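Take a look at the structure set out below.
The values are calculated or read from the model by the stated rules, or taken from the named source; none is laboratory data. Bear in mind the structure is a predicted one, so any value in this text is a computation, not a measurement. Cβ atoms come from the backbone with ideal geometry, glycine included; neighbour counts cover every protein chain shown. The area values use the complete protein model at the heavy-atom level, side chains included, leaving out ligands, DNA and RNA. Shrake-Rupley method; radii C 1.70, N 1.55, O 1.52, S 1.80 Å.
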Amino acid sequence: MSRLVLKFGGTSVGDVDRIARAARIVAAERTPGRGLAVVVSAIAGETDRLVQLTRAFAVRADGGPVDPKTFDDEYDVVVSSGEQVTTGLLALALRNIGIAARSWQGWQIPFRTDNAHAKARIGDVRCNEIGASIDAGVVAVVPGFQGVTEDQRITTLGRGGSDTSAVALAAALGAERCDIYTDVDGVYTTDPRIVAKARRLDRISYEEMLEMASLGAKVLQTRSVELAFAKRVPIRVLSSLVEPGAPNPGTLVCPEEEIVEKQVVSGVAYSRDEAKVTLLGVEDHPGVAADIFGRLADANVNVDMIVQSEARQPGRQNIVFTCPDRDAPKAAAVIQEAREKIGVEEIHVRRDVAKVSVIGIGMRSQVGVARTMFAALAQKGINIEAIATSEIKISVLIDAAYTELAVRALHTAYGLDAA
Ligand code: ADP
Ligand code: ASP
Ligand code: MG
């Protein structure tokens, strides 16, 4: 008996016609001896609508901010409900074309998670019951995004979390693969919505996909790729917008060894969710950086790039770091509070910055990759404000107004443009 997990994102179940098409796609994958589980997102736009409803109570009646500890658990109850609707609708659509199907809610499987409401992490998925049911030929329709804590409280996995539900279920079921049906026909060299010449990749390694996702390509949630990599679940990303039977090769996310032609640069990603904090005239002695970044860590600020340079005054240095845009006010406040103690002269925050990255496993064995990047940006007159590198990626921080120009220039510079 083999097993397969299919996942349909929000646009792919965006209305009843699309749900009916998703049912036809599922039907085409049904073969004797193969159990099927289908993970669905909420109808496109529904989660946003539900989030918006909770906003009315995100500020205390007296005007102060509410404590997330007394908000996020019920937020999860509200926003997880979109997925319940689509599980029922898809199960009905399947029955409508003569296929045995039933829905399972997150707590019924269960998708056990930790207590971190609104961004919970899946731990154990025990799926003996659902496994037996799909092996008996009943298609399981399962909500993405939903989890349940040990003490039976509902959780959600963070925006875009249905990808992670699908991979977790595939791993737990020992599925041969996890097929992610979405509104593009695969993983592209960059976001096809902003670069018309982007190309679909036949294959991409887990490592590259992990970097692409965490550096801004939202086609797969980062955690889903981490999980697939750790559990060795092959992921295929493909279009839900074509009828079954039409060509739909998609992109396979797989181990590096299965990729014959290793590209120096496979893709370009961008993120506008960045802020830059500059600390001028910081006292220069051992322990200062530990103090600053310790305080930021205690405040749960996720620091990304860090650049340190000598200041003009002797015995002083300048420190620049980046963090997610929403954390910028908190980061500035934390430093401001301890300014005298740490010895910082000035604090500046810029929120109109973006991070643009090039990613490729071939970079490990190739020189001159950074030079190509910097030259292409210089040619367009784009200033680089900070740089970060790893073995398989180079990221630069730039003025957000130039994001699209930079992505297009880099896409061309590394020879990624479609003919
Ligand atoms: P779903 O609702 O199916 O989960 P998402 O909107 O989360 O779909 O992800 C698909 C979107 O990701 C695409 O419409 C595309 O604009 C965007 N995207 C960003 N970067 C890439 C990339 N490199 N390849 C493909 N799609 C990308
Ligand atoms: N419906 C959730 C969201 O919009 C989860 C998902 O679609 O993956 O974030
Ligand atoms: Mg998504």
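When each of VAL344, VAL353, VAL358, VAL349 is tested for being in the same structural domain as ASN300 (by TED's automatic domain parsing), outside any helix (DSSP H, G or I) and open to solvent by 20 Å² or more (accessible area, probe 1.4 Å), the lone residue that passes is VAL349. From the list VAL282, VAL219, the one residue that fits, being buried (at least 20 other Cβ atoms within 10 Å of the Cβ), among the β-branched types (Val, Ile, Thr) and within 25 Å of LEU173 (Cα to Cα), is VAL219.
Note on region 110-128: among residues that are closer than 19 Å to VAL40 by Cβ and more than 20 Å from the chain's Cα centre (by Cα), the one that is surrounded by the most Cβ atoms within 10 Å (Cβ to Cβ) is CYS127. It is to be established whether one or more residues within region 36-56 are modelled with pLDDT under 95 and more than 15 Å from ligand 1 (Cβ to nearest atom). Yes, that holds for at least one residue. Among (1) crowded, with 18+ Cβ neighbours inside 10 Å; (2) not in a strand (DSSP E or B), where does VAL277 come up short? For VAL277, the exception is condition (2).
Among the residues making up region 95-109, those that are closer than 18 Å to ALA132 by Cβ and open to solvent by 20 Å² or more (accessible area, probe 1.4 Å) are ALA100, ARG102, SER103, GLN108. Just one of the numbered conditions (1) within 23 Å of the chain's Cα centre (by Cα); (2) assigned to a loop (DSSP other than H, G, I, E, B); (3) surrounded by fewer than 16 Cβ atoms within 10 Å (Cβ to Cβ) is not true of VAL242: (1).
Answer yes or no as to whether ASP183 is within 16 Å of ligand 3 (Cβ to nearest atom) and among the charged types (D, E, K, R).
In short, yes.
Would you check if GLY160 is open to solvent by less than 50 Å² (accessible area, probe 1.4 Å) and either of a type outside the set (A, V, I, L, M, F, W, C) or touching a residue at least 40 places away in the same chain (Cβ under 8 Å) (or both)? It is true that GLY160 is open to solvent by less than 50 Å² (accessible area, probe 1.4 Å) and either of a type outside the set (A, V, I, L, M, F, W, C) or touching a residue at least 40 places away in the same chain (Cβ under 8 Å) (or both).
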